[in-house]
Each structure stands twice: as structure tokens, then as C-alpha cells.
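Enquirer: Can you keep this structure in mind? I'll have questions shortly.
The values are calculated or read from the model by the stated rules, or taken from the named source; none is laboratory data. Note that the coordinates shown come from a computational prediction; the quantities given were computed from them, not determined experimentally. FYI the Cβ positions are ideal-geometry reconstructions off the backbone, even for glycines, and counts take in every protein chain you see. To get the accessible areas, we keep the full protein, side chains included, count just its heavy atoms, and leave off ligands, DNA and RNA. Shrake-Rupley method; radii C 1.70, N 1.55, O 1.52, S 1.80 Å.
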Amino acid sequence: MEMINGLGRRKAAVARVYVRQGEGKIQVNGKDYKDYFPVLHIQGKVVEPLNLVEVQSIYDIKVNVKGGGVKGQAEAVRLGIARALCKINEEFREPLKAEKMLMRDPRSVERKKYGKPKARKSFQFSKR
């Protein structure tokens, strides 16, 4: 099997995911994913699509991710893995779509407006 790729994005994070036949190793930016994402619930986000379609020990995954924060990067990796799995086997699409792992989360930070301290927060109003 040749290398299959998928792209995942979330907030400012972009993840390029490469999947091929192997024994289940996941590398993120040259490190093991457990070292790159030390928090347990974020590690769970990364392997969620693999556990859902029960292929955690079949494919080796190599990920290049940049931008954003830890959680945004983990969710970008999750989307990239889910998209790559759909390219490998079209039968994986149904369970992944049911769990909304193929949908890009469009929410991002709203820009700051002039005359305000943040995007929507206003200075205290004084009538007199």
C-alpha cells in the first residue's frame, strides 16, 4: 500500500497526515504522539477516528502540524486522520460521518474592533 495523505485544519492549526501500512505507530512532528501531546484527553482526540473504525494497530501515521495551540492541533490531526482513512476505505466514511469527525469546525477567534478593548467587550458606560 502506498502512502495516503489527508489535511486537517482547526482554528489556526494545519495538520498534514500521511498514513501507510504498519504496526500502529503515530508520529507528530518527529515525536511519538504521547510525547507531543502529554495531556491524556488530548491524546484521546488524536486516536479517536482509529478507535472508532478499529484499525489502531494496522496503520502507521506520520503527521506534520503547525500553528495554533495544543487542542487546535490535536483536533486538526483528528480531522486529517479521518479524511485519510476515508481515502483508504470508503466503508469507514459512514461511522466517521455519524460521529462528525469529517466536518471541519469553522469556529475561530473573532477580530478585535476599534474603539473596544476586545472583540465585543465595551468600556464601562457612564450616563453622567
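Enquirer: Count the net charge of all other residues whose Cβ sits under 14 Å from the Cβ of residue 85, scoring Lys and Arg as +1 and Asp and Glu as -1.
Expert: Spelling it out: positives minus negatives among the neighbours equals -1.
Enquirer: Apply the Karplus parameterisation 6.51 cos²θ - 1.76 cosθ + 1.60, with θ equal to phi minus 60°, to every residue of the range 93-100 and state each ³J(HN,Hα) to the nearest whole Hz, in sequence, with x for glycine and proline.
Expert: Taking θ as phi minus 60°, the curve returns 4, 4, x, 5, 5, 5, 8, 6 Hz for the range 93-100.
Enquirer: Could you give the length gained on full extension between residue 35 and residue 125, defined as 0.36 nm per residue of separation minus the Cα-Cα distance, in nm?
Expert: 27.6 nm
Enquirer: Express in whole angstrom the spacing between the alpha-carbon centres of the range 98-120 and the range 29-93.
Expert: So the two Cα centres are separated by 23 Å.
Enquirer: Given a Förster radius of 41 Å and the C-beta distance between residue 90 and residue 110 as r, what FRET efficiency does 1/(1 + (r/R0)^6) yield to the nearest 0.05? Intermediate values should be presented prior to the final figure.
Expert: Details: r = 37 Å, r/R0 = 0.91.
Efficiency, from the Cβ-Cβ distance: 0.65.
Enquirer: Let a ≥ b ≥ c be the square roots of the eigenvalues of the Cα gyration tensor of the range 70-128; is it rounded (a/c under 1.5), or, if not, prolate (a/b larger than b/c) or oblate?
Expert: In terms of gyration-tensor shape, prolate.
Enquirer: With the chain treated as a Gaussian network of Cα nodes joined by springs under 10 Å, which of 98, 13, 84 yields the largest mean-square fluctuation?
Expert: Greatest mean-square fluctuation among the candidates belongs to 98.
Enquirer: Once you charge only the Cβ atoms, +1 for Lys and Arg and -1 for Asp and Glu, what is the size of the charge dipole of the chain about its Cα centre, to the nearest 20 debye?
Expert: My answer is approximately 1660 debye.
Enquirer: Could you sort 99, 75, 54 by their accessible area in this structure, using a 1.4 Å probe and putting the largest first?
Expert: Putting 99, 75, 54 in descending order of accessible area: 54, 99, 75.
Enquirer: Here's something else I'd like to know. Output ³J(HN,Hα) for the range 76-84: one whole-Hz value per residue in order, computed from phi by the Karplus curve 6.51 cos²θ - 1.76 cosθ + 1.60 with θ = phi - 60°, and x for Gly and Pro.
Expert: For the range 76-84, the Karplus curve yields 5, 4, 4, 5, x, 5, 4, 5, 5 Hz.
Enquirer: Run the paramagnetic zone check for residue 51: 7 angstrom along Cα to Cβ, then residues of the range 1-29 with backbone nitrogen under 19 Å.
Expert: 24-28
Enquirer: Using a 1.4 angstrom probe, figure out how much accessible area the chain has per residue, in square angstrom, rounded to the nearest whole.
Expert: Value for the chain: 67 Å² per residue.
Enquirer: While we're on this one: By what distance, in whole Å, do the Cα atoms of the chain stretch along each of the three principal axes, largest value first?
Expert: 73, 31, 23
Enquirer: Then there's this: Measure nothing but the geometry: give the 0 to 90° angle between the long axis through the Cα atoms of 40-52 and the longest principal axis through the Cα atoms of the chain, rounded to 10°.
Expert: The helix 40-52 is inclined about 50 degrees to the chain.
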